[in-house]
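Input: a single structure, listed below in structure tokens.
The values are calculated or read from the model by the stated rules, or taken from the named source; none is laboratory data. None of these values were measured; they are calculated from a predicted model. Glycine gets a Cβ as well: all are built from the backbone with ideal geometry, and neighbour counts include every protein chain shown. Accessible surface is based on the protein model in full, side chains and every heavy atom, while ligands, DNA and RNA are left aside. Shrake-Rupley method; radii C 1.70, N 1.55, O 1.52, S 1.80 Å.
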Amino acid sequence: MVPYTVTLAPSKVTFEMIPVPAGEYLIGSPEDEAGHRPDEGPQVKIAVAPFWIAKHEVRWAEYKQFMSLYTIFKKFESAQVRTVTEGNKVDAITAPTELYEPSFTYEYGEDPQQPAVTMTQYAAKQYSKWLSGITGQQFRLPTEAEWEYACRAGTKTPWSFGDDPEKIGEYAWFKGNSDDNGAHKVGLLKPNAWGIHDMHGNVAEWVLDMYKEDGYTRLKGKEGLTGITALAWPDEEWPRIVRGGSWENDPIECRSASKLGSDDLKWKDNDPNRPRSPWWFTDDPARGVGFRLVRPLQVLPRDEIAKFWEIDDKFLEGDVELRLEEGRGVLGIVDPTLPKAIQELQESEK
């Protein structure tokens, strides 16, 4: 496994993937760690298989390629090309609708090098399916156990750089050095020991797991836990976990073990649509929430990897279906031929 670069065809936008070695560690924090909360314990041993992780959070440069699919899919739908059928629907995604109020999402900037923010976990998962479809590589959100393992980079201290909070400004954008001006461009500060940037602060990052107030109590005493078997598969629409803290948080909230549970009702409070958007949040702290992707070394069968991409809640499923029925959403096929189809569409419009 070596670092490599991914190109988002047909654009020239690229991002880097960093290899993470296999290993074991204790997830969570000890009770005597400053800032420890009940949802960070009890600590349990996790064996993590090797994977690649994005060097930095998904930026607007990448995410806007995904956002553009809404208009593109609408054009395909109108021209009756690349039609979604029951036979190929397994390869379809919903592209995020246009932002209802862009000034909220973009208040602190939309520079291509800034991390993308305010997307729901569902939107982030659909992004991972899109990227997997066009590249032939299996990208997905990390599990909570994988995320913390990559963040720690072999350390046991509160932060990946040690236990001195005075050093956090060298590694993270947080409440003390962000000047309340939102997320900064990725990769400006020091990476952790494995070369991964912005795991602490800047924007908090979606993982796959359901948030549990009692932390890892359900895992206590279990042997042979892995980054996948320790996953708390969601059984409700929310709360889901975001990790790492953001530019709005104090150092203590940006520790390797710290987490936040989403609150979709509060995070969508100002969304006037009914049902509320499955793809976007309209309220803080969502401007401090983004994501990054992983690519496991082990390739899964199609039916198994699909679980990491698709809707996992009946209420969310109903919201998406209603949007599609009303024409406020759109499905499109994502496969290796999509970039060429987009390029041909763009050339025909010149």
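Quick notes
- Solvent-accessible area per residue for the stretch 227-350 (1.4 angstrom probe, square angstrom): 46
- Calculated log₁₀ intensity ratio I(q)/I(0) where the Debye formula runs over C-alpha points of the stretch 1-97, q = 0.11, 0.20 Å⁻¹: -0.64, -1.03
- Percent carbon-and-sulfur accessible area, the stretch 26-68, ignoring ligands, DNA and RNA, probe 1.4 Å: 56
- With DNA, RNA and ligands ignored, accessible area of Ser348 (1.4 Å probe; Å², nearest 10): 90
- Interchain or long-range residues, amide H under 5 Å from Arg59's placed H: Ala116
- Kirkwood-type radius of the stretch 193-349, with distances r between different C-alpha atoms, in Å: 18.5
- Cα extents of the chain along the three principal axes, largest first (Å): 62, 44, 40
- Whichever aspartates and glutamates have a C-alpha closer than 17 Å to that of Lys12, once near sequence neighbours (fewer than 8 apart) are set aside: Glu62, Asp111, Glu344, Glu347
- Partners for Lys75 among aspartates and glutamates (Cα-Cα distance below 12 Å; same-chain residues under 8 apart left out): Glu349
- Karplus-derived 3J(HN,Hα), 6.51/-1.76/1.60, for each residue of the stretch 246-260, Hz, glycine and proline x: 9, 4, 8, 9, 6, x, 4, 8, 10, 5, 4, 9, 6, 8, 9
- In straight-distance terms, cross-link reach from Lys266 covers every one of the lysines whose alpha-carbon lies under 30 Å from its own, apart from those fewer than eight places away in the same chain; here that gives Lys64, Lys125, Lys129, Lys175, Lys185, Lys212, Lys307, Lys314.
- Protein accessible area in the stretch 201-350, 1.4 Å probe - carbon and sulfur %: 50
- Where Tyr149, Tyr171 fall by accessible area, highest first, once all protein chains stay in place (1.4 Å): Tyr171, Tyr149
- Solvent-accessible surface of the stretch 14-116, taken per residue with a 1.4 Å probe and all protein chains present: 46 Å².
- Share of carbon and sulfur in the accessible heavy-atom surface of the stretch 129-177 [1.4 Å probe, %]: 46
- Surface calculation, 1.4 Å probe, protein heavy atoms: Thr7 sits at approximately 70 Å² accessible.
- ³J(HN,Hα), Karplus 6.51/-1.76/1.60, whole Hz, each residue of the stretch 280-293, x for Gly, Pro: 9, 9, 10, 9, 5, x, 5, 6, x, 10, x, 6, 9, 10
- Against the rule of thumb 2.2 N^0.38 Å, how large the Cα Rg of the stretch 87-171 comes out: 1.48
- Distant-in-sequence amide contacts of Ile18, defined by a placed amide H-H separation under 5 Å and a gap of 5 or more residues or a different chain, comprise Ile53, Ala54, Lys55.
- His36 contributes about 50 Å² of solvent-accessible surface, heavy atoms of the protein only, 1.4 Å probe.
- A crude spin-label estimate for the pair Glu347 and Gln80, with each label 7 Å from Cα along the Cβ direction, gives 2.5 nm.
- Figure note: Glu248, Glu40, Glu325 ranked by solvent-accessible area, largest first, 1.4 Å probe, ligands and nucleic acids not counted: Glu325, Glu248, Glu40.
- Other residues whose C-beta falls under 14 angstrom from the C-beta of Pro336 contribute a net charge of +1, scoring Lys and Arg +1 and Asp and Glu -1.
- Translational diffusion of the stretch 191-269, µm² s⁻¹ [Kirkwood Rh, Cα pairs; Stokes-Einstein; 4 °C; 1.567 mPa s]: 93
- Dipole magnitude of the stretch 12-108 about its Cα centre (Cβ charges: Lys, Arg +1; Asp, Glu -1), debye to nearest 20: 700
- Under a 5 Å amide H cut-off, with hydrogens placed 1.01 Å from N, Arg140 pairs with Val294 among residues at least 5 apart or on other chains.
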